[in-house]
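Asker: Please read through the structure below; I'll follow up with questions.
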Amino acid sequence: MMEKTNFIWFDGKMLPWDQAQVHVLTHALHYGSAVFEGIRAYACADGSSSVFRLAEHSTRLVNSAKILRLELPYTAKQISEAVVETLKANKLREGYIRPLSFVGEGEMGVYPGTNPVHTIIAVWPWGAYLGPEALEMGIRAKTSSFARMHVNTLMSKAKAAGNYVNSILAKVEAKEEGYDEAVMLDTNGFVSEASGENIFIVRDGIIKTTPWTSILGGITRDAVMTVARDLGYRVEEQQFTRDELYIADEAFFTGTAAELTPIREVDRRVIGAGKAGPVTKHLQKEFFAVVKGENPKYAGWSTHYTI
Ligand code: PPE
């Protein structure tokens, strides 16, 4: 069970957690007509907290709504302000933030018509997404029998609720077969992303990640590419196949929830040495320093608040 906090921001009001409810005929519940974000706040050494790349997450929410033609009555700046307000109201120093904008009740039927669009922001403590040992030991992944959506099937650049049925299919299959996560291929057969993470490989010192095609444009992906390039690594956004993944020296997932999680095995092929490799470890160390606001070079990525 998730750990509850006290308040959920609901259309501009701070409601007690248990009162933030909707009707069963909410359009989004039937048709997946919602867009959301996942953001993390980290406790910093100086006693403050830092929300990682808040502006980019709020902008992506606004863009997701635009792609779905949802009328969002807030600007990215207003969403960012509401996020900080919700963290403060809950006195949460560190945790996960989930803004969600969804089509409410009114008309039934696929066409959302003039149904109202509601927005909520919930926050709660959330530890390592793929288990406490994953960040250290790496995880075991399986190539999914489900392909990631074709670029004209669902809009992968929108973080839309409906897109996640594809993720659920892949994740459930992987877990039931004893793996931690699913690696999904695109409809051309190239590696796309995981159910809730982007994917990177390292081979002969070169870092490679999927181009911005069938994937969600991960904000962690962007941060890791930037930090890696600044550290002097060569980073390429290029298609690669599952067998290139099998013979990679290192592989890892990135995501707000998963952070930077090493992959130690794919389809029963051990990746590299079967544990976090040197490049992965280096990037992981830098990444955690950056998200905790410890690297002044990336101060612009931190929105600080104090409880
Ligand atoms: N791809 C997918 C499909 C995805 O859901 C995420 C985030 C990413 C890539 C990485 O994006 P970013 O967080 O901007 O680096 N997945 C979110 C939801 C996970 C969940 O189970 O819920 C997340 O990590 O917050």
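Asker: Any chance you could count how many residues in the stretch 27-64 are within 14 Å of the ligand (Cβ to nearest atom), in contact (Cβ under 8 Å) with a residue 40 or more places away in the chain and part of a helix (DSSP H, G or I)?
Answerer: Here the count works out to 9.
Asker: Shifting gears a bit: In the stretch 220-232, what residues are farther than 13 Å from Phe200 by Cα and either out of contact with any helix residue (DSSP H, G or I) (no Cβ under 6 Å at 6 or more places or on another chain) or buried (at least 23 other Cβ atoms within 10 Å of the Cβ) (or both)? Break it down stepwise before answering.
Answerer: As a first pass, look at the stretch 220-232 and keep what is farther than 13 Å from Phe200 by Cα: 226-227, 229-232.
Result: Thr226, Arg229, Asp230, Leu231, Gly232.
Asker: What are the pairs with Cβ atoms under 6 angstrom where one residue, in the stretch 197-219, is in contact (Cβ under 8 Å) with a residue 12 or more places away in the chain and within 12 Å of the ligand (Cβ to nearest atom) and the other, located anywhere, is open to solvent by 10 Å² or more (accessible area, probe 1.4 Å) and hydrophobic (A, V, I, L, M, F, W, C)? Sequence gap at least six, or different chains.
Answerer: Partner pairs satisfying both residue conditions: Ser214/Val151.
Asker: Just to be sure before I move on: is Ser101 open to solvent by less than 30 Å² (accessible area, probe 1.4 Å) and either under 30 Å from Glu71 (Cα atoms) or of a type in the set (Ser, Thr, Tyr) (or both) in the structure I sent?
Answerer: Values: open to solvent by less than 30 Å² (accessible area, probe 1.4 Å): yes; either under 30 Å from Glu71 (Cα atoms) or of a type in the set (Ser, Thr, Tyr) (or both): yes.
Considered against the rule, which asks whether it is open to solvent by less than 30 Å² (accessible area, probe 1.4 Å) and either under 30 Å from Glu71 (Cα atoms) or of a type in the set (Ser, Thr, Tyr) (or both), Ser101 comes out as yes.
Asker: For the structure I just gave you, tell me whether Thr213 is over 24 Å from Val151 (Cα atoms) and polar (S, T, N, Q). Give the derivation first.
Answerer: Numbers: over 24 Å from Val151 (Cα atoms): no; polar (S, T, N, Q): yes.
No.
Asker: Identify the residue in the stretch 157-179 that is in contact with a helix residue (DSSP H, G or I) (Cβ under 7 Å, 6 or more places away or on another chain) and part of a loop (DSSP other than H, G, I, E, B) and, among all such residues, is farthest from Gly104 (Cα to Cα).
Answerer: The selected residue is Lys157.
Asker: Can you name the condition, by its number, that Ile67 falls short on among (1) farther than 22 Å from Ala258 by Cα; (2) more than 15 Å from the ligand (Cβ to nearest atom); (3) in contact (Cβ under 8 Å) with a residue 40 or more places away in the chain?
Answerer: (2)
Asker: Next question. Looking at this structure, is Thr254 within 16 Å of the ligand (Cβ to nearest atom) and crowded, with 22+ Cβ neighbours inside 10 Å? Working first, answer last.
Answerer: Details: within 16 Å of the ligand (Cβ to nearest atom): yes; crowded, with 22+ Cβ neighbours inside 10 Å: yes.
It is true that Thr254 is within 16 Å of the ligand (Cβ to nearest atom) and crowded, with 22+ Cβ neighbours inside 10 Å.
The values are calculated or read from the model by the stated rules, or taken from the named source; none is laboratory data. For clarity, every value in this text was computed on a predicted model and none was experimentally measured. Reconstructed Cβ throughout: ideal geometry from the backbone, glycine too, with neighbour counts over all protein chains shown. Only protein heavy atoms, including side chains, enter the accessible area calculation; ligands, DNA and RNA are left aside. Shrake-Rupley method; radii C 1.70, N 1.55, O 1.52, S 1.80 Å.
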